[in-house]
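What follows is one structure encoded as structure tokens, with my remarks underneath.
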Amino acid sequence: MNEVAPPAAEFDAVGVSKLLLRAIRAGALATLDRAGGFPFASLVTVATDHDGSPLLLTSRLSVHTQNLEQDSRASILLAERGKGDPLAHPRLTVAGRAERTSDERVRERFLARHPKARLYAGFGDFSFWRLEMTAAHLNGGFARAKDLTAAEIRTDLTGAEALLAVEASAIEHMNADHREALALYATRLAGAPKAEWRATGLDPEGLDLAAGDRTARVPFGHRVTGPSELRKVLKTMADTARAKAR
């Protein structure tokens, strides 16, 4: 089950959408059938690029890959799961054009979120794709729906080059030396259950965590663009989480 922090009492469509985009690890991919042109839906695992763009790993043997090779238009439905009526939980549909990529950044961010995919990611028929978002629609539950532009849910990377450059080393350091803090972030700040949480990625707006098939997103208190800011905000988050644990 994916762990997504609940929306605030006052509906924050952009905030809920960004949480869904970052926290949901699998979704329904809709492509256009190469033969008949009708919508073709399939289940795929999903990660995100630094700016929030969905990332996919697909086999050329799959129908959806063959569809994308003919027509790059696609959409992905990301839905929070939970008890009760499925329609009472938020879900986000993101539309755009999928582009095949060999960028090492895309590969590593996807495999950090889905480490078991390393078993087959190097096979000749597999390739990575990035969905260049053009629009989105959020259904936040009953009577809560909103059309959104790609700009509204895309993370601004302006001036964050220094942060992104140290992502790999920062994630490695946190996973090696600060697992207690990661567990506190997940349980006390994101409301996730106790588990062996690890960091899988970061960006100017927050930290992505995973534990087995669970995921969590921990937003930063403010936009972070460099390593020194990152250290400070992570310490502040740890202090806040420890205070909540008392």
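Numerical summary
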| quantity | calculated |
| --- | --- |
| Cα coordinate range in region 1-96, projected on the principal axes (Å, largest first) | 46, 31, 21 |
| Förster-model FRET efficiency, 35 Å R0, Arg97 and Val14, C-beta, rounded to 0.05 | 0.95 |
| Region 13-153: Cα Rg divided by the 2.2 N^0.38 Å rule of thumb | 1.03 |
| Whole-Hz couplings from phi, Karplus 6.51/-1.76/1.60, listed for region 126-138; x for Gly and Pro | 9, 8, 9, 10, 10, 8, 7, 5, 10, 6, 8, 9, 9 |
| Region 60-78-region 144-163 distance, computed between alpha-carbon centres (Å) | 24 Å |
| Estimated [θ] at 222 nm from DSSP helical runs (n ≥ 4, -39500 (n - 2.57)) normalised by residues in the chain, nearest 500 | -8500 deg cm²/dmol |
| Placed amide H near Thr134: partners under 5 Å, 5+ positions off or other chain | Ala95, Gly96, Arg97 |
| R0 of 22 Å, Cβ-Cβ distance Asp156-Ala135: FRET efficiency to nearest 0.05 | 0.80 |
| Normalised convex hull volume, region 158-220, alpha-carbon set, Å³ per residue | 75 Å³ |
| Inter-part distance where region 224-246 and region 81-102 are each reduced to a Cα centre, Å | 29 Å |
| For Gly201, residues with placed amide H under 5 Å, excluding near neighbours | Asp208 |
| Sequence-distant lysines (8 or more away, or on other chains) whose Cα lies within less than 18 Å of Lys235 | Lys244 |
| Fluctuation leader among Asp125, Asp71, Asp49 - the chain, Gaussian network, Cα springs under 10 angstrom | Asp125 |
| Longest site-free stretch - the chain; sites: GluC sites (Glu not before Pro), DSSP loop, at most 13 other Cβ within 10 Å | 11-195 |
| Stokes-Einstein diffusion coefficient of the chain, Kirkwood radius over Cα pairs, 10 °C, 1.306 mPa s, in µm²/s | 86 µm²/s |
| Residues of type lysines that Lys83 reaches as a straight line, Cα spacing below 20 Å, ignoring anything fewer than 8 places off in the same chain | Lys194 |
| Between 0 and 90°, nearest 10: helix 227-245 axis offset from the chain longest Cα axis | 70 degrees |
| Charged-residue dipole, Cβ positions (Lys, Arg, Asp, Glu), the chain about Cα centre, Debye nearest 20 | 720 debye |
| Dimensions (Å) - region 204-246, Cα atoms, principal axes, largest first | 30, 26, 13 |
| In degrees, nearest ten, helix 13-23 long axis to first principal axis of the chain (Cα) | 90 degrees |
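The numbers here are math on the coordinates, done by the rules we state, and not lab data. Values in this document were obtained by computation on a predicted structure and should not be read as measured data. A quick note on method: Cβ atoms are made from the backbone with ideal geometry, for glycine too, and the neighbour counts reach across all protein chains shown.
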